[in-house]
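Take a look at the structure below.
Bear in mind these aren't lab numbers, they're just calculated from the coordinates by the rules spelled out. Computed from a predicted model, the values in this text were never measured in an experiment. Methodologically, a virtual Cβ is constructed for each residue, glycine included, from the backbone with ideal geometry; neighbour enumeration extends over all protein chains shown.
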Amino acid sequence: MAQAQGWLKRYLKAFCKGFFVAVPVAVTFLDKVACVARVEGASMQPSLNPGGSPSSDVVLLNHWKVRNFEVQRGDIVSLVSPKNPAQKIIKRVIALEGDIVQTIGHRKRFVRVPRGHMWVEGDHHGHSFDSNSFGPELANNSPQAESSLPPLSQ
């Protein structure tokens, strides 16, 4: 009986040590390096969620490239929605700081992207809440979608 209690005590001690190391490492990784996000809606069709499929695409969001300001035109990024800060939106980078953009439905016909900002749009223009609605977005807040993963149902 004493041997069983000693084994249980050693097991719980090892588990706690592992837990208190693994959780901070995992949280730091998800916050600073990369995380996975599900893409819903039609705004990025046909690139993501093609054909209006009921299953959602999943993307790997790379926080590293954004921290090093390596975002380029054509990259897909995730942003905090200006309409609902609890929600994230995924859009394509159209222009970077200093670029002049011809807008679609924005209050100004042409916009110069300010320093430290980018212009983002959805691929499906008729169904997208993007910079044409809210203007240029800060470039260093947006993890970059590194790759698209197949839907989990496939």
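For Val39, the residues whose amide H sits under 5 Å from its own are Asp57, Val58, Val59, ignoring neighbours fewer than 5 places away on the same chain, with H placed 1.01 Å from N. Each label was represented as a point 7 Å from its Cα along the Cα-to-Cβ direction; for Gln87 and Val36 these points are 2.4 nm apart.
For Trp7 and Phe29, compute 0.36 nm times the residue count separating them, minus their Cα-Cα distance, and round to one decimal in nm.
Details: separation 22, 0.36 × 22 = 7.92 nm, distance 3.24 nm.
Length gained, Trp7 through Phe29: 4.7 nm.
For Ile94, the amide hydrogen comes within under 5 Å of the amide hydrogens of Gly74, Trp119, Val120, Glu121, counting only partners 5 or more places away or on other chains and with H modelled in the peptide plane. Per-residue extension of 0.36 nm, minus the Cα-Cα distance of Thr103 and Ser133, leaves a gain of 9.8 nm for this segment.
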